[in-house]
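*Asks:* Have a look at this one.
The values are calculated or read from the model by the stated rules, or taken from the named source; none is laboratory data. Keep in mind it's a predicted model, so treat the numbers as computed, not measured. Backbone-built Cβ (ideal geometry, glycine too); neighbour counts: all protein chains shown. When the accessible area is computed, the model is the full protein with side chains, heavy atoms only, and any ligands, DNA or RNA have been set aside. Shrake-Rupley method; radii C 1.70, N 1.55, O 1.52, S 1.80 Å.
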Amino acid sequence: MSRIIYWSSLVFAFFFLVAPLLIVLPLAFNDSSFLTYPMDGFTFRWFEVFFTAPPWLASLMNSLKVALGTMIVALLVGGMAAMGTMLMGKWGQLVLSALFVSPIVIPSVVLGVAMAYAFGRMGVGGGYLSLVMAHTILAAPLVFLSVMTSLKGLDPELDRAAASMGASRWYRFQTVTLPLAMPGFATGALFAFITSFDEVVVALFLASPQSQTLPITLFSSLRDRLEPTIVVVALLLSIVSCLFIIALNRLQKRGETRN
Amino acid sequence: MQKAPSTLLAAITLLVLPVAVYIALYLLPLISIGGLSVDNGALSTRFPALSAHFSDSAEVDDPAAAALLSDLQAMAKKDRAEVGRMFNQELGGMRSLIIDTGNEADEIVPTVAGLTAFDPRWGDPAIWDVVRRNVEPITWRHFQKATGVKPGADGGYSIAPGDDIYLRILLRTFVIGLQVTLLTLLIGYPLAYAVATGSSRVQAIVLMAVLLSFWTSILVRTTAWVVLLQTNGLLNGFLIWLNLITEPLQLIFNRFGTVVAMTHVLLPFAILPMINVMRTIPPAQAQASRSLGAGPIETFLRVYFPQSLRGVAVGGGTVFILALGFYVTPALTGGPGDQMLSYYIADFVRKGLNWGMASVLSLLLLVCVVGLLVTGALLRRAFGWNKAAKPEAEAA
Amino acid sequence: MASLEISHINKFYGATQALFDVSLSIGKGEFVTLLGPSGSGKTTLLKILAGFESVSDGAITLGGRNITELKPEVRNFGLVFQGYALFPHMTVRDNIAYPLKVRRLPRDQIETRVREMLDLVQLTRFIDRRPSELSGGQQQRVALARALVFKPDVLLLDEPMSALDKKLRVDLQEELRQIHQTLGTTFINVTHDQEEAMHMSDRIAVMNHGRIEQFDTAFNLYRNPASRFTADFIGKSNIFAGEMVRGASGLDFRGDALEVQLGLTDRPQGRVDLMVRPEDITILTEAPDAGRVALAAEVLHSTYSGDRALYALRLGSGKEISAYGAARSGIHAAGAKVFASFAPGDVTLIG
């Protein structure tokens, strides 16, 4: 009896979790222009549309540019924030951590309004730069958290061991702390990239027609009308997420064998 | 160990750039929302003389009338129309009054009597009240509009029926948030339970599915639901094929579509904290309970479930707070009656560039979210649940 | 003679005092162990020696030079950590080379020194392994090599064996002893394991509640403990509380239902503890000749360990003592009436 309850609820919940994407994504290869089963035949033609139609391809390129830019800036900002915070006392750490993590809890719409207005006043509204700036604020907390986690996970004895062997503070930081925190930086970089690459709400407020990212183009065509290219985009974005998880897993495994 | 001065110097060196970036790109924009919500620059800068007069005295006297007329004279025709339109939002008829007065400003004697002679409405203190309120550099106009609360003539406050539209939308936002939270907890619990207690094979499969879902963009998952739920979409097709229905059901652009899609999108945020907590419950406890004579259901209800409540609370709180700020999913799967506060914030900016209203509603949302976070922190402390589960860290 | 002088060190943590007026004089090349139960202050003292903790007052000098305030990185003390603290992202070679790279030695010299050290600890074939690919004992030896490769003035060992199993521990004790003899470096070891301390050390500082109870050779600690704590902590002991009283040929011991004729002339009268080690007690079935002390006792229980048996005995006074007995031809049964006998020359007076 209890097993029946457990398994039926588990199967239902699991189905609800995975079925939507598993059912919809194969339609990217459907030969018909209607998004229905049974499939009319197998085709790559919607992929061709994606890779040749200007709005799609251009927005993909914009997304990559913004995500890469965000990754670099957020890594710098979040990484330095984490290292600086680690060096502070207990109360300094508390206050700084709260500051650096806080953008996570602010609703994106609020950030979008605030940034659209403020960036416009600063004269950087609308372009690639404003998107990188906004996404940096969204991504830096994740970099901060993952670098913080790896720095806090370090065995303090290692630093003491290095000191007992004569290494100065800076030399210890370079040769012991930084290399051991590397997985944290790498994880943070991945977080930053995917956060920016998938972000839609803030981008909606900030992007000009020339700097539209892929999620924005997907969002507006979803409001417009459903066509198979949309499923192609969803599939491609899902593949990026899968690659991301694989990379994350690799990093985690490497971290485990080291420690 | 003590922090040497050189450590502090290194810390400050490292922190300069991040703090500067956060201030410039994050704190200042957020603060500007606060300013925008009460900013009356559009009106007060057009009434420099009158604004200066009212900052000295509240009297409606001849200098006030002269200041009003000189300000109206200085304005371009287009500006007068704009000002009139904004005054009109508060009191009907003011648009024509401003435009007419402005057009004839040269002819009117610059005294109160002269104004009243031109149009008797200028003798009405209510008109002057509106003018005075709106030429000041800060205004509570947006807050009044957002809450529907209006100052009455007797100094009290009242909410006129029909003016509480944004409070109703806030209520709707909370209701949808609660519905979604309950559903995610209900559906997420067995999944979290499976990850925490299932065989290693079940654990691996379910956890992989949860993480994939967590890291797949919200937009992609919403897309899947749009495709599934449309009138001639997959779900309707399937139901018709099963002969369960003959006519397609309306599954999207209504509350059903919104709640189902949001539940799916937010599901991982409920599951991950529950997994974190359930993993700390030793399996030996269930075995002990069984060996002491309790059946599996009794064991679950009396031993396992109470201990997992902390995860349920954290997961539910996370989902609820995230749901309050949702924009994309309701915008794509809901009807006009299912839009949440975020939608109206975005609408004010995208349609009318009405930064004032967008800011006030943003503040409203922000206050709700921060208030809930603080409440959550206080509750955690009260229950002694200080080990906050971090979905991000777990997923990493 | 570059000896390490620790003089009058006090250490406070807020209001609680961790070390009370600790003084030790350690000769160059000596192998000294700080021995004590947990909370005795031995680890605090080691951290102060390493430079990770400051002293509240007192001084440390090395060869006459005051090093009390020196930072850890300029002390030139090697340190073997309890958990080894090997760098997980470096190979064995890079771990051992680390202090030499810090000292900017030429590359070929570094390689030579690293190989010498690996020879010494017999780990040459693991030179390119990572610490995670080594066993606990091997990691321990890498940590030792790393702490010795830069020829430190003093090597500090913080419970180096505590993570190893007993068999390995004994092997490593022997190895450590040999390495100490080969290099002639001053070793200061911290442990709570008295056997380890006695096997390896030239001298042992017994610590208790932040004080040095006694600093002496293993033999003297065992045979002539200066305090009741040392007598109890090092080995098994039977202690009788009593006083010295005037007897026929000098002072004799009396107390705890025991009288021992000692005839001492070189000590004052007054309160004293008398200690007899269990191995100095012989268990007899009949009363022995005069000249030996004999106490009627009843066997409570026994623990047989092959080569001998340890008996718990109850004396007529009700006091319980322990004694080793030969177990070649059988074990005294519980309840058996026996005599516990020892020679007056085998007792030690404490206090």
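*Asks:* Of (1) open to solvent by 30 Å² or more (accessible area, probe 1.4 Å); (2) among the hydrophobic types (A, V, I, L, M, F, W, C); (3) not in a strand (DSSP E or B), C:Ile48 satisfies all except one. Which?
*Replies:* (1) is the only condition that C:Ile48 fails.
*Asks:* Go through the range A:210-222 and report how many residues are within 7 Å of chain B (Cβ to nearest Cβ) and either open to solvent by 70 Å² or more (accessible area, probe 1.4 Å) or on the phi > 0 side of the Ramachandran plot (or both).
*Replies:* 0
*Asks:* For A:Thr36, which of the numbered conditions (1) free of Cβ contacts under 8 Å to residues at least 12 places away in the same chain; (2) within 13 Å of chain B (Cβ to nearest Cβ); (3) open to solvent by 50 Å² or more (accessible area, probe 1.4 Å); (4) not hydrophobic (A, V, I, L, M, F, W, C) fails to hold?
*Replies:* (3)
*Asks:* State yes or no: is B:Leu324 under 15 Å from B:Met262 (Cβ atoms) and facing chain A (nearest Cβ under 8 Å)?
*Replies:* For B:Leu324, the condition - under 15 Å from B:Met262 (Cβ atoms) and facing chain A (nearest Cβ under 8 Å) - is met.
*Asks:* From A:Ser164, A:Ser168, grab the single residue that is open to solvent by less than 10 Å² (accessible area, probe 1.4 Å), of a type in the set (Ser, Thr, Tyr) and within 13 Å of chain C (Cβ to nearest Cβ).
*Replies:* A:Ser164
*Asks:* Name every residue in the range C:67-122 that is more than 19 Å from C:Val154 (Cα to Cα), at the interface with chain A (Cβ under 10 Å from one of its Cβ atoms) and acidic (Asp, Glu), in order of residue number.
*Replies:* Answer for the range C:67-122, where residues must be more than 19 Å from C:Val154 (Cα to Cα), at the interface with chain A (Cβ under 10 Å from one of its Cβ atoms) and acidic (Asp, Glu): just C:Asp94.
*Asks:* Separate question: Looking at (1) open to solvent by 30 Å² or more (accessible area, probe 1.4 Å); (2) within 12 Å of chain B (Cβ to nearest Cβ); (3) touching a residue at least 12 places away in the same chain (Cβ under 8 Å), which one does A:Gly78 not meet, given that it meets all the others?
*Replies:* (1)
*Asks:* I'm told C:Ile212 meets every condition in (1) farther than 30 Å from C:Pro88 by Cα; (2) outside any strand (DSSP E or B); (3) open to solvent by 10 Å² or more (accessible area, probe 1.4 Å) except one. Can you identify the failing condition by its number?
*Replies:* (2)
*Asks:* If you don't mind, another one. Please state which of the following conditions A:Ala28 fails to meet, knowing it meets all the rest: (1) open to solvent by less than 60 Å² (accessible area, probe 1.4 Å); (2) assigned to a loop (DSSP other than H, G, I, E, B).
*Replies:* The failed condition is (2).
*Asks:* Being modelled with pLDDT under 95 and open to solvent by less than 20 Å² (accessible area, probe 1.4 Å): is that true of C:Leu120 here?
*Replies:* Considered against the rule, which asks whether it is modelled with pLDDT under 95 and open to solvent by less than 20 Å² (accessible area, probe 1.4 Å), C:Leu120 comes out as no.
*Asks:* From the list A:Ile239, A:Ile245, exactly one residue is more than 23 Å from B:Pro330 (Cβ to Cβ) and within 9 Å of another protein chain (Cβ to nearest Cβ). Which is it?
*Replies:* Matching residue, one of A:Ile239, A:Ile245: A:Ile245.
*Asks:* Which of (1) among the β-branched types (Val, Ile, Thr); (2) open to solvent by 30 Å² or more (accessible area, probe 1.4 Å); (3) within 30 Å of the chain's Cα centre (by Cα) is the odd one out, the single condition C:Val276 does not satisfy?
*Replies:* Single failed check for C:Val276: (2).
*Asks:* Scan the range B:34-62 and report the pairs whose first residue is away from every other protein chain (no Cβ under 14 Å) and of a type in the set (Phe, Trp, Tyr) and whose second residue is open to solvent by 60 Å² or more (accessible area, probe 1.4 Å) and outside any helix (DSSP H, G or I), with Cβ atoms within less than 7 Å and a gap of 6+ or a chain change.
*Replies:* B:Phe54/B:Glu136
*Asks:* Can I ask one more? Of the residues A:Leu145, A:Leu94, A:Leu111, which is within 11 Å of chain B (Cβ to nearest Cβ), closer than 16 Å to B:Val19 by Cα and assigned to a helix (DSSP H, G or I)?
*Replies:* On inspection, the qualifying residue turns out to be A:Leu145.
*Asks:* Looking only at the range C:215-234, how many residues end up being among the hydroxyl-bearing types (Ser, Thr, Tyr), part of a helix (DSSP H, G or I) and surrounded by fewer than 22 Cβ atoms within 10 Å (Cβ to Cβ)?
*Replies:* 1
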